[in-house]
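What follows is a short report on a single structure.
The values are calculated or read from the model by the stated rules, or taken from the named source; none is laboratory data. Just so we're clear, the structure is a prediction, and the values are computed from it rather than from any experiment. Cβ: placed from backbone, ideal geometry, glycine included. Neighbour counts: every protein chain shown. Accessible surface areas use protein heavy atoms only, side chains included; no ligands, DNA or RNA. Shrake-Rupley method; radii C 1.70, N 1.55, O 1.52, S 1.80 Å.
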Amino acid sequence: MKAKIRYDRYFEIGRVNRRMGGSFVEHLNRCVYGGIYEENHPLSDSEGFREDVKELVKNFKVTLLRYPGGNFVSSYHWKDGIGPRKNRPVRYDLAWGCRETNQVGTDEFARYVRELDAELMMSVNLGTGTPKEAAELVEYCNIEKNTYYSDLRRKNGSEFPYNVKLWCVGNEMDGSWQTGQMDPFAYARAYRETAKMMRRVDPKIELAACGSCSNEPLHESFGKWDRVVLEEAYEWIDYLSLHRYYGFDVVQDLVYPRKETMDDGAWMVHDLDSMIVTIGSLLQYVKGLLRSDHEVYISFDELGILPKKARHSSGIVYDSFTEYDAVLFGGLLCVLLNHADLVKVCCQALLTNENGMFTVFPKGHTIVQPIAFPFKNFADCIGGTVLAQVGEWPQIETDHYGLASCASAACIYFEERKEIRILAANFSAEDSLELEISFGGFTKVSLMEWQELFTENPLEGNSEKCPQKVSPVLRKMGKEKKIVLRPHSWNALTYSVSELWEERT
């Protein structure tokens with residue numbers, strides 16, 4: 001297969017926002033307890049958070065963490081998770097059908113995120129919660145002192161406010177599985193009143209409203225829900241929250257049955273692009289309909305790959321990902337980059353264990369899952385400018401969806417350091433892709449580094465015995481302009497460039 005692709009310095013899509021390097025932490029299975037947090041563990045800090053996991057989060061450049069859910073938040077009342085731990089109630093979690101000890105709550109997690117030099121994206125309960133409860137949480141987090149809840153935070157050990165700027169108002173409220181599911185009109189009314197009260201406490205906060213939690217064919221509210229919510233609450237919304245999970249040959253269906261195989265991977269990237277284009281069109285439609293000057297962007301705060309299952313020597317069954325999962329995830333991240341003018345927030349779902357980038361075991365053992373490597377390449381693009389792509393990819397046959405493009409790529413330019421980064425996924429299980437790349441608006445373009453994620457067997461994963469089986473390596477580079485992407489491979493290419501200054505004057 002062959003493709004010719006061109007990028008031009010002056011054809012910009014948008015800048016990659018710092019909030020794109022996000023992940024997601026929910027009180028779900030071993031994501032919190034036994035994941036980021038393990039009390040009395042020799043590797044844990046004084047709060048109970050695993051130091052080795054903190055180092056992974058820093059090294060893989062996670063810049064934002066969404067918390068505490070997820071489905072969990074729709075039956076979670078934040079006041080259960082503050083104050084002395086010995087006094088915190090043990091609740092029955094309606095989302096996941098288990099006990100919640102509340103040993104990790106707002107204070108612990110806000111301090112954890114601050115230590116990581118990341119941003120906290122806080123979710124509030126709009127399932128069983130109230131607008132007043134949400135406004136009180138803003139007061140607890142963002143007011144310095146001399147109010148009831150700000151003084152309570154100070155009493156609980158945090159003298160200075162957390163200054164949480166980004167908030168999710170509810171979670172997947174169009175889903176039949178959600179505690180407190182609403183129709184779009186009811187949600188829009190509840191959202192407006194909640195936003196009003198939250199902003200009366202702190203007018204500077206930014207709010208994400210629940211959009212569609214899937215565009216799967218059986219999820220009938222897709223698009224309809226989004227239009228109603230936008231029409232009813234547009235001026236109060238800064239971001240519309242979208243969620244989507246993809247996978248192939250998985251046991252876990254989530255809500256809707258899945259038929260996708262590995263050979264449908266190329267279609268999944270097309271499907272995500274279609275989802276974003278549809279919602280982007282709705283945003284422009286409602287803006288025009290209301291004759292508004294306000295801009296609403298997309299927060300893709302749950303994007304995940306459904307895992308396979310593996311068993312640790314301790315007997316723990318854990319979520320595991322393959323090389324092809326990483327290729328697919330990288331291709332999906334390229335789609336988000338190519339909509340950088342619209343998508344301003346992204347959260348990989350989830351951080352540890354459950355669908356996690358990092359698998360954490362007792363006694364300090366961790367596994368970096370293959371999907372973490374494309375994420376790191378993606379996070380490295382923060383601050384760069386995405387350039388538009390001209391050219392077409394060859395088509396390959398999928399199992400269930402006809403023809404789809406064989407590859408997904410994104411080009412990011414870093415003006416200050418005069419570099420170009422190209423991320424590219426080849427989805428073909430059998431064929432290499434000969435790629436000829438040309439550039440406009442630059443001179444002296446030189447390939448400096450080529451990082452490749454590839455194994456002969458696309459179903460290989462990292463394990464207890466072989467924790468680095470699937471990890472990136474540096475490719476040897478020739479002087480030719482053609483780049484050959486091996487089958488089912490993920491690639492990150494870095495070029496040094498000089499601009500054609502005479503064209504800029």
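Selection of the stretch 469-494 for residues being modelled with pLDDT of 95 or more, more than 23 Å from the chain's Cα centre (by Cα) and either more than 21 Å from Val327 (Cβ to Cβ) or assigned to a loop (DSSP other than H, G, I, E, B) (or both) yields Lys469, Arg486, Pro487.
Checked against the criterion of being part of a loop (DSSP other than H, G, I, E, B), more than 30 Å from Glu430 (Cβ to Cβ), open to solvent by less than 70 Å² (accessible area, probe 1.4 Å) and in contact with a His (Cβ under 8 Å, 6 or more places away or on another chain), the stretch 214-235 contains one or more residues that satisfy it. Across the stretch 83-107, the number of residues qualifying as more than 25 Å from Trp177 (Cα to Cα) and of a type in the set (D, E, K, R) comes to 4.
Those strands (runs of 3 or more DSSP E) of the stretch 268-339 in which 1 or more residues are within 20 Å of Phe24 (Cβ to Cβ) and touching a Cys at 6+ places or on another chain (Cβ under 8 Å) occupy 297-305.
Quick one: is Lys155 surrounded by fewer than 20 Cβ atoms within 10 Å (Cβ to Cβ), closer than 18 Å to Val345 by Cβ and of a type in the set (D, E, K, R)? When the stated conditions are applied, Lys155 does not pass them.
Residues that are within 18 Å of Pro68 (Cβ to Cβ) and of a type in the set (Asp, Glu): does the stretch 336-351 have at least one? The answer is no, given that none of the residues of the stretch 336-351 is within 18 Å of Pro68 (Cβ to Cβ) and of a type in the set (Asp, Glu).
Results for (1) open to solvent by 30 Å² or more (accessible area, probe 1.4 Å); (2) not β-branched (Val, Ile, Thr), shown as yes or no for each residue.
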position: Val164; (1), (2): no, no
position: Trp167; (1), (2): no, yes
position: Asp174; (1), (2): no, yes
position: Trp177; (1), (2): yes, yes
position: Met182; (1), (2): yes, yes
position: Phe185; (1), (2): yes, yes
position: Ala188; (1), (2): no, yes
position: Tyr191; (1), (2): no, yes
position: Val201; (1), (2): yes, no
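Annotation note: of Asp325, Asp319, Asp271, the sole residue that is more than 30 Å from Pro467 (Cα to Cα) and under 18 Å from the mean Cα position of the chain (by Cα) is Asp271. Condition check for His365 on (1) buried (at least 22 other Cβ atoms within 10 Å of the Cβ); (2) over 21 Å from Trp450 (Cβ atoms); (3) not small (Gly, Ala, Ser): one failure, at (1). Entry remark, the stretch 239-267: residues being under 24 Å from Ala310 (Cα atoms), in a helix (DSSP H, G or I) and among the hydrophobic types (A, V, I, L, M, F, W, C) number 1 in total. Per the listing Arg30, Arg19, Arg9, the residue uniquely assigned to a strand (DSSP E or B) and in contact with an Asp or Glu (Cβ under 7 Å, 6 or more places away or on another chain) is Arg9. Taken over the stretch 122-149, the residue count meeting the criterion of being in a helix (DSSP H, G or I) and touching a Pro at 6+ places or on another chain (Cβ under 7 Å) is 2.
Looking across the stretch 285-301, the residues that are touching a strand residue (DSSP E or B) at 6+ places or on another chain (Cβ under 9 Å) and open to solvent by less than 10 Å² (accessible area, probe 1.4 Å) come down to Val296, Ile298, Ser299, Phe300, Asp301. Can you find a residue in the stretch 195-209 that is in contact with a Leu (Cβ under 6 Å, 6 or more places away or on another chain), more than 24 Å from Val343 (Cβ to Cβ) and of a type in the set (Val, Ile, Thr)? No, because not a single residue in the stretch 195-209 is in contact with a Leu (Cβ under 6 Å, 6 or more places away or on another chain), more than 24 Å from Val343 (Cβ to Cβ) and of a type in the set (Val, Ile, Thr). Those residues that are touching a strand residue (DSSP E or B) at 6+ places or on another chain (Cβ under 8 Å) and open to solvent by 10 Å² or more (accessible area, probe 1.4 Å), I need them from the stretch 117-129; list them, please. Matches in the stretch 117-129: Ala118, Glu119, Leu120. Every test in (1) open to solvent by 10 Å² or more (accessible area, probe 1.4 Å); (2) modelled with pLDDT of 95 or more; (3) more than 21 Å from Leu474 (Cα to Cα) is passed by Glu434 save one, and that test is (3).
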